[in-house]
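Worksheet: the structure to be examined is printed underneath.
What follows draws every value from the coordinates through simple rules; no lab data is involved. Source: prediction; values computed, not measured. Here the Cβ is made from the backbone with ideal geometry for all residues, glycine too, and neighbour counts use every protein chain on show.
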Amino acid sequence: MPIQECLTDAYPLDLLLLADPEESVVRSYLNRSSCFTLVTEDKVVGGYLLLPTRPRTIELVNIAVYEEYQRRGFAKQMIEHAKEQARITGYHTMEVGTATTSFGPLALYQRMGFRITGIDYDFFVRHYKESIYDDGVLCRDMLRLSLDL
């Protein structure tokens, strides 16, 4: 499936809100990010953002696939694409963060070569107005992962 860069005025906000449910938080980093979407049959089915954070370091943020298209390898395809985009634009490190309760994404990131580098305690409690739950468990802490490109 082709992955293409989003037009600045055509961010798929509904998709991005699947990965990060608070619109004000998404908008706070959206204009500093590069947006990419995965398209099949002329329909956006997934997307992600790349956010430069430090010299030679970029963060993969807000990776999401619409529910009806999940479990088809699209997230893996987008992560590979993100890694290649980061490499060709000169980044040496890619980071990603996920809730300690997000077992599926955590396993995927580790299969893709990311390693846990830290925990941001109470991240979701500090940065979100509404509580976020994964399978009935309150999301409190964020695991930080990193990959040398």
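Listing for the model above:
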item	result
Relative contact order (%) - the range 3-148, alpha-carbon pairs under 8 angstrom, separation at least six	19 percent
Overall form of the range 71-149 per C-alpha gyration tensor (a/c, 1.5; a/b vs b/c)	prolate
Size of electric dipole in the range 49-149: Cβ of Lys, Arg +1 and of Asp, Glu -1, about Cα centre, debye, nearest 20	320 debye
Packing-based exposure ordering (other Cβ within 10 Å, fewest first) of Met112, Met142, Met94	Met112, Met142, Met94
Whichever aspartates and glutamates have a C-alpha closer than 18 Å to that of Lys129, once near sequence neighbours (fewer than 8 apart) are set aside	Asp20, Glu22, Glu23, Asp120, Asp141
Computed [θ] at 222 nm, helices only, for the chain once each DSSP H run of length n ≥ 4 contributes -39500 (n - 2.57)	-8500 deg cm²/dmol
Of Tyr69, Ile116, Leu138, farthest towards positive along the dipole that unit charges on Lys, Arg, Asp, Glu beta carbons give the range 3-148	Ile116
Relative contact order of the range 91-149, defined on C-alpha pairs under 8 angstrom at six or more residues apart (%)	53 percent
Cysteines not pairable in the chain (beta carbon separation under 4.7 Å absent)	Cys139
